[in-house]
Amino acid sequence: MRIRAEHLSYTYNADTPFAAHALHDVTLTIEEGEFFGIIGHTGSGKSTFVQHLNGLLRVPSSMKKYRRKKPKKGEIPPPEPVLQVGQFDLTDKKTDFRALRRSVGTVFQYPEYQLFAETVFEDVAFGYRNFAEKKPMEHETQEAVKEAIEMVGLNYGEVRGMSPFELSGGQKRRVAIAGVIVTRPAVLVLDEPAAGLDPLGKQEVMDLLHRIHREWCRTVVIVSHDMDEIAENCTHAAVFSDGEVKYVLPPRELFRHEKELLDMGLELPLVAKLCLSLERQGIAIDCDFTEEDFIRKVLALPRQMRIC
Amino acid sequence: MLKDVSFGQYYPVESFVHRLDPRTKLLFVIAYIAAIFLSKNFYGLAACAAVLFAAIGFAKIPLRKIVRSMKGVLFLVVFTAVINIFFYRSEGARILWEWKIFRITAEGLIFSGFLIARLFLLVICASLLTLTTTPVSLTDGVESLLTPLKWVRFPVHELALIMSIALRFIPILMDETDRIMNAQKARGADFETGGPIRRIRAIIPVIIPLLLSAFRRADELGDAMDARCYTGGKNRTKYKKLRFAAGDFAMFVLAAALIAGVVLMRIYLGAPV
Ligand SMILES: Nc1ncnc2c1ncn2[C@@H]1O[C@H](COP(=O)(O)OP(=O)(O)OP(=O)(O)O)[C@@H](O)[C@H]1O
Ligand SMILES: [Mg+2]
């Protein structure tokens, strides 16, 4: 499903002294099939944006407010916000949000804190049963849960009867992800899926997401503030800063804007830094900013260049 | 939806009422409640209401906030009104309508109106206190007012600490509840439809993670207090010392005047019915 947002703005606690402008005129398109990254410093509105994608936060209809007041002369009406996810129009109140949430799975930050059931099986089955059209047969549920748990790389026979609270942090996170993908959403949105894991755990989670992307969910959107993660994994990345979208580019083009990114408090990934400094020395390396590719290209350079 | 609980929500603006010593405000609220219960007629309540609305004006609190706090007790108000309208009994009451045991009398209507006005004044007064006073200074005020109880070995400091921690954690736990509810909604949980039993069952996926996180936070807070060598209230000094200013004395005078006025009206102007 294609995701299209135009002129999206959001204010928390609007009309109170606590008002916080979290999004300002965000325009962004995510094509079907992408592994899309959203990056930005803390408080830049990333989580606010992704919570719009499954209707947890609603698009405020600025037009209605505007129409209620009589427009002053010469005032330009605010642009109509657009938020379209596949066939769903999220600016429309009558949209079937249940169907939307079945198609757009969302994994929140630290999803392990929302586990609640007595067994891993029950927790993963929660979403499946909630979204089923009619009460699913027990063997259907079992089949779906088994596939989801195996998809996230856990041993079904071993963990199904365990309490989710007995698992390790990384395993809990896998169970939480399984609980979302069990309904096979077309779009999977993850807020900081690798936060708080060690480097190996991070790598495992990213590998897992690629597998889900290949086999189950056509479009994957991840939020992150780690440039390396975005560089290594994403087809396109959007840079958020103070509630606005600054760039939407493939990572390799994004890193040309080194200075602007630094100003927004974002650090380039190591490989990109190396490439850019080599380029300044007159050695252009056309790599896709993954470590592997970089090493291959450097090794492929003519010998004399490598020595200097 | 959870943000609608206006109780205990500080409204940050700069005003005379906000600046008052929390002890003054607490004592004034107590005096005010006494004045409401001493009022026997609408004149007394009108005097109380005048003072309250003046205070709201001085505090620069928008009426919207006040109305919201009134909504919170709407059920109680309706309940009281219904009971009193239908079952008010007194000698020589003028009967307007009667059916079996139900009887509406003119006096009953007036009396219900009186009770409702009283209830609303109480609630508005209490929420004005929490709207204009931060939880921290409120606790400071309570602790300071209860200090005499230390003589009978009452753990005043501990009580104040418990209170301030509880107040501090309410907004955090509300945010957490919002977050967990969102996460479960994303998994298709439905909190808005179905009968009472279904709704109670729907809460389980929220309550359990919430309790777990509350326990985790409590543990962490305990460790953090230990790490800073917290040992209780003995010999502790205050970062902010409470001091009465001119405005506080003015409030004491106002409170005394209000009570005196209400008592005089009670003696000379009689009951509402
Ligand atoms: N529930 C809320 N109530 C009020 N303000 C909020 C709320 N959630 C977020 N905000 C504010 O909105 C802004 C954007 O927050 P958001 O959570 O979208 O940032 P983020 O980019 O996800 O940051 P992080 O990387 O820290 O997760 C911040 O300034 C934040 O203070
Ligand atoms: Mg966030």
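Wholly within region A:114-177, which helices (runs of 4 or more DSSP H) include no fewer than the required count, namely at least 3 residues that are crowded, with 18+ Cβ neighbours inside 10 Å and of a type in the set (A, V, I, L, M)?
Output list reads A:120-131, A:138-151.
Specify which of the listed residues (B:ALA227, B:ALA214) is farther than 30 Å from B:ALA35 by Cβ and either more than 12 Å from chain A (Cβ to nearest Cβ) or without any contact (Cβ under 8 Å) to a residue 12 or more places away in the chain (or both).
None of the other options fit; the residue is B:ALA227.
Considering region B:143-194 alone, what residues qualify as being within 16 Å of ligand 2 (Cβ to nearest atom), closer than 22 Å to B:ALA218 by Cβ and at pLDDT 90 or above?
Once the filter is applied, which keeps residues that are within 16 Å of ligand 2 (Cβ to nearest atom), closer than 22 Å to B:ALA218 by Cβ and at pLDDT 90 or above, region B:143-194 yields B:GLU176, B:ASP178, B:ARG179, B:ILE180, B:ALA183.
Within region A:188-200, identify whether any single residue is touching a helix residue (DSSP H, G or I) at 6+ places or on another chain (Cβ under 9 Å), open to solvent by less than 60 Å² (accessible area, probe 1.4 Å) and free of Cβ contacts under 8 Å to residues at least 60 places away in the same chain, and answer yes or no.
yes
List the strands (runs of 3 or more DSSP E) that sit entirely inside region A:1-49 and contain at least 1 residues that are within 14 Å of chain B (Cβ to nearest Cβ) and more than 16 Å from ligand 2 (Cβ to nearest atom).
A:3-12
Working only within region A:99-113, note down all residues that are part of a strand (DSSP E or B), facing chain B (nearest Cβ under 8 Å) and more than 16 Å from ligand 2 (Cβ to nearest atom).
A:GLY105, the sole residue that qualifies.
If you take the residues of region A:214-230 that are assigned to a loop (DSSP other than H, G, I, E, B) and within 13 Å of ligand 1 (Cβ to nearest atom), which of them is farthest from the other protein chains (Cβ to nearest Cβ)?
A:ASP226
Could you figure out which of (1) at pLDDT 90 or above; (2) within 16 Å of ligand 1 (Cβ to nearest atom) isn't true of A:VAL145?
(2)
Taking the condition of being open to solvent by 80 Å² or more (accessible area, probe 1.4 Å) and among the hydroxyl-bearing types (Ser, Thr, Tyr), how many residues in region A:263-306 meet it?
Here the count works out to 0.
Condition check ((1) over 19 Å from the mean Cα position of the chain (by Cα); (2) on the phi > 0 side of the Ramachandran plot; (3) charged (D, E, K, R)) across all residues:
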| residue | (1), (2), (3) |
| --- | --- |
| A:GLY153 | yes, yes, no |
| A:VAL159 | yes, no, no |
| A:VAL180 | no, no, no |
| A:LEU190 | no, no, no |
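The values are calculated or read from the model by the stated rules, or taken from the named source; none is laboratory data. Keep in mind that this is a model prediction, so the values were computed, not measured. Positions of Cβ are backbone-derived with ideal geometry, glycine not excepted, and every protein chain shown enters the neighbour counts. These area figures cover heavy atoms from the full protein model, side chains too; ligands, DNA and RNA do not enter into them. Shrake-Rupley method; radii C 1.70, N 1.55, O 1.52, S 1.80 Å.
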